[in-house]
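One structure is given below, encoded as structure tokens.
The values are calculated or read from the model by the stated rules, or taken from the named source; none is laboratory data. For clarity, every value in this text was computed on a predicted model and none was experimentally measured. Every residue, glycine among them, receives a Cβ derived from its backbone with ideal geometry; neighbour counts consider all protein chains shown.
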Amino acid sequence: MELPGREVCYRALQSRDARFDGLIFVGVSSTGIYCRPICPARTAKFENCIFFGSAAAAQDAGFRPCLRCRPETAPDLALWRGTSNTVSRALALIAEGALDGEGNGVEKLAARLGLGERQLRRLFLQHLGASPISVAQTRRVLFAKQLIHETRMPMTEVAMAAGFGSLRRFNETFRDLFHRPPSALRRKSAAKDEEKDVALQLRYRSPYDWDSILDFLRARAIPGVEVVEHARYLRTVDLDGAFGSIEVNHLPHRQSLGVRIRFPDVRSLPSIVARVRRLFDLGADIGTIDAHLSGDSGLAPLVAQRPGLRAPGGWDGFETAIRAVLGQQISVSAARRLAGQFVALHGRAVPKSFLIHRDLSHVFPTSKRLASASSMGLAMPAARLTALKAVADAAFADPNLFRPFGSVEDTVARLRTIRGIGEWTAQYIALRAIREMDAFPATDIGLLRGATFIEGEKTTSANLLSRAESWRPWRAYAAQHLWAAGGSRPHVSR
């Protein structure tokens, strides 16, 4: 992403303009520190300011993070959002640890994205001013710094959770960057978390329509797996065979979501946090998206009615795909009941010591468990039962089936090779699970019903698809507004 001119960036810094928070960072040559544009410190002289499009670029240039404005708490950790879908997909994979550990290099990441290593490096330098490795290293440091500030986790666990290979490497990195050991960054007054829990705050870019996203999750909450009550969302978690649970609530005065995690392996924390960000769509530059969609005279009133409306993601790609198949041709409430039966038959129980809420009990079944099942055990049409089995077999055979790959058209085409997955289901999975923000299930009944609000009369899928061309690359958000507008009779796809 091309940065605004230095004069524009400096004015944003002088006025502490929150609209630029997470989009630009300023390195101050006289101090060697880089800050967010909302930093409360005295504004540096213009000639001492160097502006960057990412925290990684600032650190690559030799600047260290500010201890006052804490760049690690910037919206979406300053991960870039813009017109390069490849960069966005790569960042999502890096956030889930794609470059952590041995054997996970840039070449492998590029292959998962369907392009060459050199091209991926070029795109990162063009849009972020830093290499993929630098972005991953910055992510580790900033996540570790957040854990130090916001939790009472032992430093050994912080190092493990942030993806450092050893405590020695962790200590060396912090001494090099901050000229002090990690423990010196911890505030003595930090509140002590519950013994088994890690509590973090994840920032978003305002506005944020919390009520709408909570309503979406409430209508689909699977008994035993999810609970929505008292304006909070809770669910069970299964990562690599380890079980736990999370709680998410809204902290509007801090423009953040509060997340409480109870999980046995701290090394899974980055993946859990990445999934929370995906589920609640925290990385959206919602101001830019809303402004773009408002260029359509029909959509503009809908956007104005629901500013900050997000496109909820899926917690897990396989889970989302199974839920999509279960919900084919039936209502949201019917799909929820069916999913509850499905979990009761095939889900595994979570130890009570790792459950935050009494109504949580099971994790959603894995592809391995379903691929080996002799029967789904559900009263459903034979075609959908076949589709469930086909999805389980495909996901078990290819662990990266629900990862970003190529364009949205490539993604949909790949999903449609699975028996029982048609255009609507493939588009829905692409939107919710793979986070293709240009996915658009134009044949959806709910979308066509919502489209009457902007067309003034009933329309066809072909006409809606044609009009949606001007909504690219954020057709998924336009779809969310249409579903919300036509939501008087809920459909599973909303």
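Of all the residues in region 220-233, those that are in contact with a strand residue (DSSP E or B) (Cβ under 7 Å, 6 or more places away or on another chain), closer than 27 Å to Gln328 by Cβ, part of a strand (DSSP E or B) and not small (Gly, Ala, Ser) number 3. What number goes with the only condition from (1) free of Cβ contacts under 8 Å to residues at least 60 places away in the same chain; (2) not in a loop (DSSP other than H, G, I, E, B) that Arg180 does not pass? Result: Arg180 passes all but (2).
None of Pro351, Pro312, Pro404 is surrounded by 15 or more Cβ atoms within 10 Å (Cβ to Cβ) and at pLDDT 95 or above except Pro312. Would you tally the residues in region 182-210 being charged (D, E, K, R) and at pLDDT 95 or above? So the count comes out to 1.
Residue-by-condition table, conditions (1) farther than 17 Å from Ala74 by Cβ; (2) touching a helix residue (DSSP H, G or I) at 6+ places or on another chain (Cβ under 8 Å); (3) in contact (Cβ under 8 Å) with a residue 12 or more places away in the chain:
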position: Thr138; (1), (2), (3): no, yes, yes
position: His149; (1), (2), (3): no, yes, yes
position: Ala159; (1), (2), (3): yes, yes, yes
position: Leu167; (1), (2), (3): yes, yes, yes
position: Glu172; (1), (2), (3): yes, no, no
position: Arg175; (1), (2), (3): yes, no, no
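Within region 268-286, residues that are under 17 Å from Phe243 (Cβ atoms) sit with their Cβ atoms under 6 Å from residues that are at pLDDT 90 or above and part of a helix (DSSP H, G or I), at 6+ positions apart or across chains, in these pairs: Leu269/Ala161.
Taking the criterion of being within 18 Å of Val350 (Cβ to Cβ) and under 17 Å from the mean Cα position of the chain (by Cα), the residues of region 211-237 that qualify are Tyr233, Leu234, Arg235, Val237.
Matching residues to (1) modelled with pLDDT under 90; (2) more than 17 Å from the chain's Cα centre (by Cα); (3) crowded, with 22+ Cβ neighbours inside 10 Å:
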{"position": "Ser54", "(1), (2), (3)": "yes, yes, yes"}
{"position": "Phe63", "(1), (2), (3)": "no, yes, yes"}
{"position": "Pro75", "(1), (2), (3)": "yes, no, yes"}
{"position": "Asn85", "(1), (2), (3)": "yes, no, no"}
{"position": "Gly101", "(1), (2), (3)": "yes, yes, no"}
{"position": "Leu115", "(1), (2), (3)": "yes, yes, no"}
{"position": "Ala144", "(1), (2), (3)": "no, yes, yes"}
{"position": "Ile148", "(1), (2), (3)": "no, yes, yes"}
{"position": "Ala161", "(1), (2), (3)": "no, yes, yes"}
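Please verify whether region 108-128 includes one or more residues that are in contact with a strand residue (DSSP E or B) (Cβ under 7 Å, 6 or more places away or on another chain) and more than 19 Å from Gly406 (Cα to Cα). Quick ask: steps written out before the conclusion?
Pass one, region 108-128, residues in contact with a strand residue (DSSP E or B) (Cβ under 7 Å, 6 or more places away or on another chain): none.
Within region 108-128 (the criterion being in contact with a strand residue (DSSP E or B) (Cβ under 7 Å, 6 or more places away or on another chain) and more than 19 Å from Gly406 (Cα to Cα)), the answer is no, since none of the residues qualifies.
Elements of the type helices (runs of 4 or more DSSP H) sitting completely within region 388-485 and holding at least 2 residues that are under 23 Å from Glu319 (Cβ atoms) and of a type in the set (Gly, Ala, Ser): these cover 423-432, 475-485.
Given the structure, is Ala130 part of a loop (DSSP other than H, G, I, E, B), of a type outside the set (Val, Ile, Thr) and under 17 Å from Ala74 (Cβ atoms)? Before the answer, list the steps.
Details: part of a loop (DSSP other than H, G, I, E, B): yes; of a type outside the set (Val, Ile, Thr): yes; under 17 Å from Ala74 (Cβ atoms): yes.
Considered against the rule, which asks whether it is part of a loop (DSSP other than H, G, I, E, B), of a type outside the set (Val, Ile, Thr) and under 17 Å from Ala74 (Cβ atoms), Ala130 comes out as yes.
Restricting region 270-324 to residues that are in contact with a Gly (Cβ under 7 Å, 6 or more places away or on another chain) and among the β-branched types (Val, Ile, Thr), the residue that is farthest from Ser470 (Cα to Cα) is Thr320. Cβ-Cβ distances below 7 Å connect the following pairs, each with a first residue in region 33-50 that is in a helix (DSSP H, G or I), a second residue that is not acidic (Asp, Glu), and a separation of six or more residues or different chains: Phe46/Tyr10; Asn48/Val28; Asn48/Ser29; Asn48/Ser30.
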